[in-house]
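What follows is a single structure, written as structure tokens, with notes after it.
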Amino acid sequence: MTDLELIHSGKVRRLYRYGPGEILMVATDNISAFDFVLDTPIPDKGKVLTQLSLWWFEQLSDVVANHVLSAYVPAEFAGRGVIVEELQMVPVEAIVRGYLTGSGLAEYRQAKTVCGIPLPDGLTDGSRLPEAIFTPSTKAELGEHDENISFETLADSIGAELAGRVREAALAVYTKAEELARERGIILADTKFEFGLRPDGTLVLADEVLTPDSSRFWDAALWAPGGPQPSFDKQYVRDWLSKESGWDKASDTPPPPLPPEVVAATRERYLDAYRRLTGQELAV
């Protein structure tokens, strides 16, 4: 095991001090759902998250700066680790939605809004929005729940100028990524970004980006608004937990272990997303 200093351990990632101004970010095979880290890992998931993020950072380098310094890491972290800049992280989940589903759908059905943003009548589960919307949320600690906030609340929290920069960057990244994904037969329904600041104030895209953990990926060939869409993300695990496992997600009881067939099917969804987007097989 590494003798590097562990400075943070999250739901999926571990951060180690690497050098002056440098962090080694390592993605594990852990999977989280409903704010729980499940007992059952998904083999090769960490490699998918890291390698897919690296691919996206390269595709998006002309849109916004990113935190990647090097993919050459100690051998024990090969494939799942990356050396990144140490940044002052902006305390917000920068969520962009291009399609109506999930918690946004529930709010829309009640108020014809998503995170307070008015939307037209006639939308249904899976509908494409007239334009992508920025719907930030708080970044909760492990075991706590993220909470949707208005742009005005975000501006009050981090300042109007920085909030505007985060919104502009998030929408620009989503717009390009959505086009690239659609060209490859995948709909990017929604996603969340994290940003940090360099000492000179430059806004930098950080953490993971556009992975099956941070995004909803749908099969464009099967897209049919009006109900749940076939996905390439961890929605499959959420569905099994909430519909088939017998677990009550409203309780404080941890979720049950995932059965082997759910683990295998989830792994294949992650690998398939990687294949479709990058056009390559993951080196495992």
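Can you name the residue in region 196-212 that is of a type in the set (Gly, Ala, Ser) and closer than 21 Å to Gln51 by Cα and, of all such residues, is farthest from the chain's Cα centre (by Cα)? My answer is Gly196.
Taking each residue of region 145-159 that is of a type in the set (Phe, Trp, Tyr) and looking for partners that are not in a helix (DSSP H, G or I) with beta-carbon atoms closer than 9 Å, six or more apart or interchain, yields Phe151/Cys115; Phe151/Gly116; Phe151/Ile117; Phe151/Phe134; Phe151/Thr135; Phe151/Pro136.
Listed conditions (1) surrounded by 14 or more Cβ atoms within 10 Å (Cβ to Cβ); (2) out of contact with any Ser or Thr (no Cβ under 7 Å at 6 or more places or on another chain); (3) under 24 Å from Asp35 (Cα atoms) are all met by Ser150, apart from (1).
Yes or no, residue by residue, for (1) of a type in the set (Ser, Thr, Tyr); (2) farther than 24 Å from Ala94 by Cα; (3) in contact with a Pro (Cβ under 7 Å, 6 or more places away or on another chain):
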position: Asp190; (1), (2), (3): no, no, no
position: Phe195; (1), (2), (3): no, no, no
position: Leu210; (1), (2), (3): no, no, no
position: Leu222; (1), (2), (3): no, yes, yes
position: Val237; (1), (2), (3): no, no, no
position: Gly246; (1), (2), (3): no, yes, no
position: Thr266; (1), (2), (3): yes, yes, no
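The single condition from (1) over 20 Å from Leu24 (Cα atoms); (2) surrounded by fewer than 17 Cβ atoms within 10 Å (Cβ to Cβ) that Phe134 fails is (2). Residues that are buried (at least 22 other Cβ atoms within 10 Å of the Cβ), touching a residue at least 12 places away in the same chain (Cβ under 8 Å), of a type in the set (Ser, Thr, Tyr) and over 16 Å from Val263 (Cα atoms) occur in region 215-232; there is at least one.
The strands (runs of 3 or more DSSP E) located wholly in region 38-133 that include 2 or more residues which are in contact with a strand residue (DSSP E or B) (Cβ under 9 Å, 6 or more places away or on another chain) and not aliphatic (A, V, I, L, M) occupy 81-85, 94-99. Evaluation of Ser215 against the conditions (1) of a type in the set (Gly, Ala, Ser); (2) within 20 Å of the chain's Cα centre (by Cα); (3) more than 23 Å from Ala71 (Cβ to Cβ) shows that the sole unmet condition is (3).
Yes or no: Gly126 in contact with a Gly (Cβ under 9 Å, 6 or more places away or on another chain), of a type in the set (Gly, Ala, Ser), touching a residue at least 40 places away in the same chain (Cβ under 8 Å) and surrounded by 18 or more Cβ atoms within 10 Å (Cβ to Cβ)? The answer is yes for Gly126.
In region 22-40, which residue that is at pLDDT below 95 and of a type outside the set (S, T, N, Q) is surrounded by the most Cβ atoms within 10 Å (Cβ to Cβ)? Within region 22-40, the match that is surrounded by the most Cβ atoms within 10 Å (Cβ to Cβ) is Ile31. Does Ile117 fit the bill of being surrounded by fewer than 18 Cβ atoms within 10 Å (Cβ to Cβ) and among the aliphatic types (A, V, I, L, M)? Judged against the criteria, Ile117 is a match.
The values are calculated or read from the model by the stated rules, or taken from the named source; none is laboratory data. Keep in mind that this is a model prediction, so the values were computed, not measured. Please note: Cβ atoms are built from the backbone with ideal geometry, for glycine as well, and neighbour counts cover all protein chains shown.
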